[in-house]
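Asker: First, the structure itself, so that you have it in front of you.
Just so you know, all these numbers are worked out from the coordinates, no wet-lab data involved. The model shown is predicted, which means the values in this text are computed figures rather than measured ones. Using ideal geometry, Cβ is built from the backbone for each residue, glycine included, and neighbour counts are taken over all protein chains shown.
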Amino acid sequence: MSNNYFKFKQFTIRHDRCAMRVGTDGVLLGAWASVEGVRRALDVGTGSGLIALQLAQRNPDARIAGIEIDPEAAAQARENVACSLWAERVEVVCGDFKAYAPVEKFDLIVSNPPYFTDALRSPDARRRTARHTEDLDYGLLFRHALDMLAPGGRMAVIIPMEVETLALGSAIACGWFLCRRTNVYTKPGKKCRRLLLEFCTKPTPYVVDDLYIEKAEGGYSEEYMSLTREFYLNM
């Protein structure tokens, strides 16, 4: 693997012009989000296009849109899409999510959103936009997503455990219902690191489980390998 790209089983992500590069969070969300029955999906803050391409790989019937505010990242995402097997089904829009008004509604909206609400701000403006909620807070994210959702649609996000109260409070205040949750741990004995959350617009049975990336004795867990093996070359 080069620092400039990350090669998956069915596609390659070049990310040297993106503020945020390929990471475990994005791969987890792209592999975990429910795609059954989805005909149209939106990836908010698509960055390099990673999650959008994961969704396209997992659902051959879905059309995917990715919106990205950073022109350099959006341009590179378009190049990654153009070199993939799913170029005809994936569109990258360069623009501000706050002003995004698509003609068609979405069955699924996903986001690996900016989340460092209190951390020291990066001097790099592009990286700051990618990492902090100053330009896209949770309230705006959940509220605007609800406006562009098709009937029966869902939303899936990955967030750090530290912002659980803020994110869940924002979603519930906007009218979302939590229907699925996976607590992500690095390994047994460690604190929960990330939350994978899926929301719907009506009350529904709530499903919760745990995911350990590694086994206590080392090496990837069977659950993590099962979730990501259709993407990672070493799975």
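Asker: At 222 nm, what value in deg cm²/dmol follows for the chain if DSSP H runs of at least 4 each add -39500 (n - 2.57) and the sum is divided by all its residues, to the nearest 500?
Answerer: Mean residue ellipticity, 222 nm, calculated: -7500 deg cm²/dmol.
Asker: Follow-up question, since we're still on this one. Counting other beta carbons within 10 Å of each residue's own, what order do 184, 207, 44 fall into, fewest first?
Answerer: Least crowded to most crowded, the residues run 207, 184, 44.
Asker: With θ set to phi - 60°, apply the Karplus curve 6.51 cos²θ - 1.76 cosθ + 1.60 along segment 80-85 and write out the HN-Hα couplings as whole Hz, x wherever there is a Gly or Pro.
Answerer: 4, 5, 4, 8, 8, 7
Asker: Would you kindly state how much longer the chain becomes between residue 88 and residue 140 on full extension, computed as 0.36 nm times their sequence separation minus their alpha carbon distance, in nm to one decimal?
Answerer: Result: 15.7 nm gained on full extension.
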